[in-house]
Amino acid sequence: MRNLLEVTPTAPVCFAAICMLTPLAVRIGVCFYEARRRKLEFWQLLLGTRERKSDDPAGPTQPDYWMPYVLGVLETAGYSAAFAAHQLASIGGWLTFKTVHRVVYAKEADRGPFDRYLLANAVLLAAAYCCARWLF
């Protein structure tokens, strides 16, 4: 078992590209789906800076300023290192923390956003596993 901080990718440029492009693809997919579902402009959702008030027919939202994307990049890089170091408990701990937090604070929310959350995490985990398998 290797130390988590001792693992380094053999192809850092490919690793960085995968870590940045996978969350971007997830963001584009989620924004496309949400734009169709909520009848909003795709580009406004993708840019993540539009704030809608409570009287808006589509409902209120807060701007996200690309924070989910940044978190996705960091998670993909961290998951890859954890896979490469065989530190799967750290991945499980982080996913448990995120999921419990989401379930506790969104009890009244419908199942759709939670399913998209789970799917996005599965895509990031798959990309991280591929990075760990072939780039470490």
Checklist entry - How many residues does the stretch 76-87 contain that are part of a helix (DSSP H, G or I) and among the polar types (S, T, N, Q)? => result 2
Checklist outcome for this item: Looking across the stretch 31-58 at residues that are among the hydrophobic types (A, V, I, L, M, F, W, C), open to solvent by 30 Å² or more (accessible area, probe 1.4 Å) and within 23 Å of residue 76 (Cβ to Cβ), the single one that is modelled with the highest pLDDT is 32
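Residues checked against (1) in contact (Cβ under 8 Å) with a residue 40 or more places away in the chain; (2) farther than 18 Å from residue 80 by Cα:
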| residue | (1), (2) |
| --- | --- |
| 91 | no, no |
| 99 | no, yes |
| 104 | no, yes |
| 110 | no, yes |
| 115 | no, yes |
| 130 | yes, no |
| 133 | yes, no |
Next on the checklist: Just to be sure I understand the filter: pairs with C-beta atoms under 6 Å, separated by 6 or more residues or on different chains, first member in the stretch 16-38 and without any contact (Cβ under 8 Å) to a residue 24 or more places away in the chain, second member of a type in the set (Asp, Glu) and open to solvent by 60 Å² or more (accessible area, probe 1.4 Å). Which pairs pass?
Outcome noted: none
Next on the checklist: Restricting to the stretch 90-123, count the residues that are part of a loop (DSSP other than H, G, I, E, B) and under 17 Å from residue 34 (Cα atoms).
Outcome noted: 2
Next on the checklist: Go through (1) crowded, with 16+ Cβ neighbours inside 10 Å; (2) under 16 Å from the mean Cα position of the chain (by Cα) for residue 126 and report which single condition fails.
Outcome noted: (1)
Item to check | Residues of the stretch 9-30 that turn out to be crowded, with 19+ Cβ neighbours inside 10 Å and of a type outside the set (S, T, N, Q), as a count | outcome: 7
Next on the checklist: Given the condition of a type in the set (A, V, I, L, M, F, W, C), part of a helix (DSSP H, G or I), open to solvent by less than 60 Å² (accessible area, probe 1.4 Å) and at pLDDT 95 or above, answer yes or no: does some residue in the stretch 66-75 qualify?
Outcome noted: yes
Checklist entry - Restricting attention to the stretch 85-102, does a residue exist that is surrounded by 15 or more Cβ atoms within 10 Å (Cβ to Cβ) and at positive phi? => result no
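The values are calculated or read from the model by the stated rules, or taken from the named source; none is laboratory data. Computed from a predicted structure; not experimentally measured. Virtual Cβ from ideal backbone geometry, glycine too; neighbours counted across all protein chains shown. All accessible areas refer to the heavy atoms of the entire protein, side chains included, with ligands and DNA or RNA removed. Shrake-Rupley method; radii C 1.70, N 1.55, O 1.52, S 1.80 Å.
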